[in-house]
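Comments concern the structure below.
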Amino acid sequence: MISQLADTVVTGNPTALAAAAVAGFFIFRFVRNLLGSSSLKGIPTVGVPNYPLGFYVGAWNYIKNAPALTQEGYDKYPGGVFKVPLVNQWLVILNGRELSEDLKKAPDDCLSMPSAINSMLHMEYTMGKDQYQDPYHFGVVRNTMTRNIGLGFPDMRDETIAAFQDLLPATDDWSASPAMENVIAIVSRISNRFFVGMKCRDPDYIKVTSEFTIKVTQDTAWLHGLPEFIKPLAESLFGHLETHTTAAMNHLQPILEYRLEMDDKYGPNWPNGDRPNDMISWLIDGARGHPMRRNIRSLSCTMLNVNFGALHTITQGVLHALYTLAVHLQYVEPLREEIESVVEAEGWTKAAIDKMVKLDSFLKESARYEPGTAVNVLRRALKDYTLSNGVTLPAGTLIGLPIMAQQHDEEIYENGESFDPFRYARMKETAEEGSNIQMTTTSTDFLLFGLGRRACPGRFLAVTELKLIMSHILLNYDFKVKDGVRPDNTWIAVAGSANPTAEVLFRKRR
Ligand code: HEM
């Protein structure tokens, strides 16, 4: 085989060269996987047949059956670890609360989140090199954006009403609505009202921002198959990043030019306090004194990255909640009663939304029950790391937590296999003063937003939007799904999605 490869390189036949490159690549991968597997050989494997190239058969099995195989490992190795094959690497899964605590406490230079996410999403090529190397927008989301949710709330509420009127006008008779298509458009409008003001009403801008995430995922799929050195060229030739950055720039250039010009003149204190209080201003604050951040291209791409974090995640939350509620219609009335009485007392404010305890509990239970992924809280060991159970993870190991299995574990949750919308509201009633039981609280028992220092900084906005959207639906519509059956989720490896093609039937509330 090696001499055949050498011959083709010497004779220079292009087809043979391409075949040689492909063969060489798979040999390289095969050897690397064997070496990788030998450094992890003390860790039991799930779903991989014990014969040559079994890794690839196992990877295919895992693409098709990740939730079931992860559950199998969780049941077989309680409190322990096991590994499963992804297409391009092993994933080691840590079971149970104690090991989740280990992961939570580990510093970034031991177990790194960016390194793990990069190996899954190839962020440098799919989301922008500067945004990957200098993610200052994470801090903007965590601090300035989160502090401003209350101030931005009236606009978000206004946009909720307008978006539903435009996209889902309430009719007297039942009419079918493609749920995912409409929910993503509504989430994009509400989020972008907060991020860029009335630009959110421009359908093409909304298309660009919401398509970005899908394109990142699509490019990621084929980039997985390529060797590292070809990825930059392949992405620039066939990828989406340049197209989407240019499209976002076309939309944002006039706004950004004006904002930067005013910022040069006045800094953050414009005359009459006229500076818009939005994501563009907050990013410009974060970019002051950093020429690499402070230009139209970089700011436009960073806006796409912020949208990446927000749109599909919130959309999934709404869809899971909606599909689940549509087959548990007995919970609609108690939710409506709570929303109506809170709004009557407080009006539509962020403080009122925070008081909707049953709605919070229902949304949290929906995310516990249907977290939308089999494994999350991904990290990569940057050096050898020994867990509290004595297992050492060699440097380079990709690890994650089995969110689905852990959140359904009957030892953690009483009747964990049943959907119980008000379980957290009941816990709150009996909990000690000051206990945090709301949806935004992260813990080893509720992993939707991750854990520790890297836990999702956008979760306060996410939950506000989830509640805004669900309360609007509850108060204004009756809804149901065809035949009263919850539309099936779809899965590719660990990544699940609420059914993307299902229709939900809506009519004006009677
Ligand atoms: C229901 C909606 C959302 C879900 C389920 C979600 C989930 C997550 C998860 C699991 C992580 C990784 C945490 C970890 O590994 O410990 C994360 C990180 C992140 N999320 Fe979210 N997210 C949501 C909404 C948002 C929104 C609305 C934004 C921004 C506007 C956002 C911005 C981010 C950012 C910037 C990070 C990276 C944080 C860091 O590395 O320090 N997310 N999110």
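Structure values in brief
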quantity	calculated
Degrees, to the nearest 10: 96-105 long Cα axis against longest axis of the chain	90 degrees
Under 19 Å from the Lys383 label point (7 Å along Cα→beta-carbon), backbone N, the range 110-137	110-116
Heavy-atom accessible area order for Ser443, Ser210, largest first, 1.4 Å probe	Ser443, Ser210
Segment Lys508-Thr246, length gained on full extension (0.36 nm per residue, minus Cα span)	90.2 nm
Average accessible surface area per residue within the chain, 1.4 Å rolling probe, Å²	45 Å²
Ranked order, Lys467, Lys104 - accessible area, probe 1.4 Å, largest first	Lys104, Lys467
Length-normalised contact order for the range 128-267 - Cα pairs under 8 Å, 6+ apart - percent	18 percent
Radius of gyration and maximum dimension Dmax of the chain, Cα, Å	24.3, 82
Rounded accessible area of Tyr477 (nearest 10 Å², 1.4 Å probe)	10 Å²
The chain - charge dipole about Cα centre, Lys and Arg +1 at Cβ, Asp and Glu -1, debye rounded to 20	840 debye
Helix 203-223 axis, angle to the chain major axis (alpha carbon atoms, nearest 10°)	20 degrees
C-alpha long axis of helix 179-196 to longest principal axis of the chain, angle in °	80 degrees
Efficiency of FRET from Cβ geometry, Asp264 and Asp483, R₀ 51 Å, rounded to 0.05	0.25
Burial order of peptide ranges 336-348, 449-461 (average beta-carbon count within 10 Å, highest first)	449-461, 336-348
Charge dipole (the range 145-244, unit charges on Cβ, about Cα centre) - positive-most of Ile184, Ala221, Asn148	Asn148
FRET efficiency, Phe229 to Glu101 (Cβ-Cβ, R0 45 Å, nearest 0.05)	0.70
Compactness relative to 2.2 N^0.38 Å, alpha carbon Rg of the range 118-270	1.24
Computed magnitude of the charge dipole of the range 360-510 (debye, nearest 20; Cβ of K, R +1, Cβ of D, E -1)	720 debye
Whole-number percent relative contact order across the chain, with pairs defined as alpha carbons under 8 Å at least 6 apart	23 percent
The chain, accessible surface, carbon-and-sulfur percent (1.4 angstrom probe)	57 percent
Solvent exposure, largest accessible area first (probe 1.4 Å, DNA, RNA and ligands not counted), of Asp263, Asp155	Asp155, Asp263
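The values are calculated or read from the model by the stated rules, or taken from the named source; none is laboratory data. Please read all numbers here as calculations on a predicted model, not as lab measurements. Neighbour counts are summed over all protein chains in view; Cβ atoms, including those assigned to glycine, are modelled from backbone coordinates with ideal geometry. Please note that ligands, DNA and RNA were not included when accessible areas were found on the heavy atoms of the full protein model with its side chains. Shrake-Rupley method; radii C 1.70, N 1.55, O 1.52, S 1.80 Å.
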